[in-house]
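Notes follow the structure.
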Amino acid sequence: MTENLNAKIVNATKWSAITEVMAKLVAPISSMVLARVLTPEAFGVVATLNMVIAFAEIFTDAGFQRYLIQHEFKDEEDKDKSTNVAFWSNLIMSFVLWGVIALFNEQLAELVGSPGLGKVLIVACVSIPIAAFSSIQMALFKRSLDFKTLFWRRMAMVVVPLCVTIPLAFLLRSYWALVIGTIVTNIVNALLLTIKSNWHPRVYYSFQRLKDMFSFCSWSIVDSVLVWATSYIDIFFIGRALDTYYLGLYRTSISTVGQFTSLITASILPVMMPALCRLQNNIPMMRQTLLKFQKYTSILLLPIGFGILMFRNTVTTIMLGDQWGKAASFIGLWALMEVVTVIFSRFCTNVYPAIGKPRVSVIAQILHLVILVPAVIISGKYGFKALYITRSLVRIESIAVNLIIVYILIKQSPWKMFLNVVPQFLSCGVMSLSAWLLLQISDNIAISFLWILICGVVYFAVLYCFPSERNLLLSLKNRVIDRIINRK
């Protein structure tokens, strides 16, 4: 069973990685064009709208995705009944919430910092029922670790902006291009998942089953609300304290970093959750799997974060253009904190639901908000720079808390997790020093590409000097070669 699960994990990770690599070859084109056609204010407006949509989607999903991924069903019929209850509950709730948003559209728009845009909010929230329609199929694919099927869905979501959002941006020159592009993307996503899925909804509902499912999901809903708060509370305060220009700078900086880091995290994290869930009765194996995920991820993720920090001006100019120059420092700092948070904190948060303790995640989120909210409020009074520095550094608290909690729950030593990635950090340190020296020679954008290549070589050369990492790199190389030969 363990060997079969490992094979599924490897296959799922492979397809998830292929998906993200292909996506990252296309997605930056859309971002680069849109950042040059639209203003930071347009992105700021959309950020406030997405805050409302993301909050509503917490309740339309109601934790059912997590339930379907984690729960051990008695048989296929039991799973099918629960899936139908989840589907219809999602869909009905999504229309109810869309109606509530439409009823109070102007008040909500003003609350999030976009007064006068109530009608735009109504249109943007069309995405809520569309996303609810496809979320259950998504959960079933993830449960079965079928990331090969999800490949085509992800590709469509990358291509749609090229074909829809960019032409609209040139035509409309406003936030409407982003709003309409998102709606079309969600429609295409729902159609593809429905076509590819072996499961299709049927007329069945059980309030008793809903009650049982909700009792399982209640803590997950609370956790999702708190995750939303930690993700969007800063947007709320920036939108009200500063303006949509700085809000656009802020949100676009975060999404720009995400385009680089998600190449790795989006390949690993979706696979990690169902993999750990299958090991909920084998804690020693879960600890080994956690360390393995951390090790493999850090090899590629850490140099990306350190690299963006050192070449932040180059990254900003290439990805966004000259009008986004004020975002460069934030992009560099956020990239560093993002990769460190993933390696030491986000992996830990996958353990809590995997062992059936979602309320622990709630506690961790509350502890984070206790620090985050006053930090954002106070720092926001001193301007944009003070706010983004504070917001970035506050993430250290969540790292400390999650390391402590995961030790209490499964006895995973924080010290062992640190030692697990020491070679990667030392290699990144040497790489960063090399980057600083090279940039003293020239910081020209064209020359920076050569510097980046040299830094990559330096990183892997230093990493290769560690015997354990050398064996790992050689093993990975041999696996790649074997796969290429077998395909031929």
>> At 7 Å along Cα-to-Cβ for each site, give me the label-to-label distance between LEU191 and VAL96 in nm.
In response: 3.0
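Students often check this: by mean Cβ neighbours within 10 Å, which of 43-56, 377-390 ranks highest, and how do the rest follow?
On the way: 43-56: 23.2, 377-390: 16.2.
Averaged packing, sorted descending, gives the order 43-56, 377-390.
Please give the direction-averaged projected area of the C-alpha convex hull for the stretch 88-137, in square nanometres with one decimal.
On the way: hull surface 13.2 nm².
In nm², the orientation-averaged hull projection of the stretch 88-137 is 3.3.
What is the extension gain from GLU76 to ILE408, computed as 0.36 nm multiplied by their sequence separation minus the C-alpha to C-alpha distance, in nm to one decimal? Please list the in-between numbers first.
Values: separation 332, 0.36 × 332 = 119.52 nm, distance 3.52 nm.
Gain on extension, GLU76 to ILE408, equals 116.0 nm.
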> Using the per-residue mean of other Cβ atoms lying within 10 Å as a proxy for protection, in what order, highest first, do the peptides 116-125, 176-185 fall?
Replying inline: 176-185, 116-125
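When a/c is below 1.5 the answer is rounded, else prolate if a/b is larger than b/c, else oblate, so apply that to the stretch 336-452 with a ≥ b ≥ c taken from the square roots of the Cα gyration tensor eigenvalues.
Details: a/c = 3.20, a/b = 1.44, b/c = 2.23.
It is oblate, given that a/c is not under 1.5 and a/b is not larger than b/c.
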> Taking a 18 Å limit on the Cα-Cα distance, which of the listed pairs LYS295/LYS357; LYS81/LYS357; LYS74/LYS357; LYS81/LYS211; LYS79/LYS211; LYS292/LYS357 fall beyond it?
Replying inline: LYS295/LYS357; LYS81/LYS357; LYS74/LYS357; LYS292/LYS357
> Tell me, what ³J(HN,Hα) does each residue in the stretch 37-51 have, in order and in whole Hz, if you take phi through Karplus 6.51 cos²θ - 1.76 cosθ + 1.60 with θ = phi - 60° and put x for Gly and Pro?
Replying inline: 8, 9, 8, x, 4, 4, 5, x, 4, 5, 4, 5, 5, 5, 4
> Hey, what D do you get for the stretch 366-430 in µm²/s if you plug the Kirkwood alpha-carbon radius into Stokes-Einstein at 20 °C and 1.002 mPa s?
Replying inline: 155
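I need the fraction of alpha carbon pairs in the stretch 400-442 separated by more than 13 Å, rounded to a whole percent. Walk me through the numbers on the way to the answer.
Working: 582 of 903 pairs.
It works out to 64 percent of all Cα pairs.
In whole Å, what three semi-axes, largest first, describe the equivalent ellipsoid of the stretch 309-356 built from its Cα gyration tensor (square root of 5 times each eigenvalue)? Show your work: numbers first, answer last.
Details: eigenvalues 208, 19, 10 Å².
Computed over the stretch 309-356, the values are 32, 10, 7 Å.
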>> Please list the three semi-axes, largest first and in whole Å, of the ellipsoid equivalent to the stretch 241-357, using sqrt of 5 times the eigenvalues of its alpha carbon gyration tensor.
In response: 33, 15, 10
> Where the centre of each part is set by its Cα atoms, how far does the stretch 33-48 sit from the stretch 287-349, in angstrom?
Replying inline: 22
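Every number in this text was worked out from the coordinates using simple rules, so none of it is lab data. As the structure is a prediction and not an experimental result, all values here were calculated from the model. Glycine also receives a Cβ, built like all others from the backbone with ideal geometry; neighbour counts cover every protein chain displayed.
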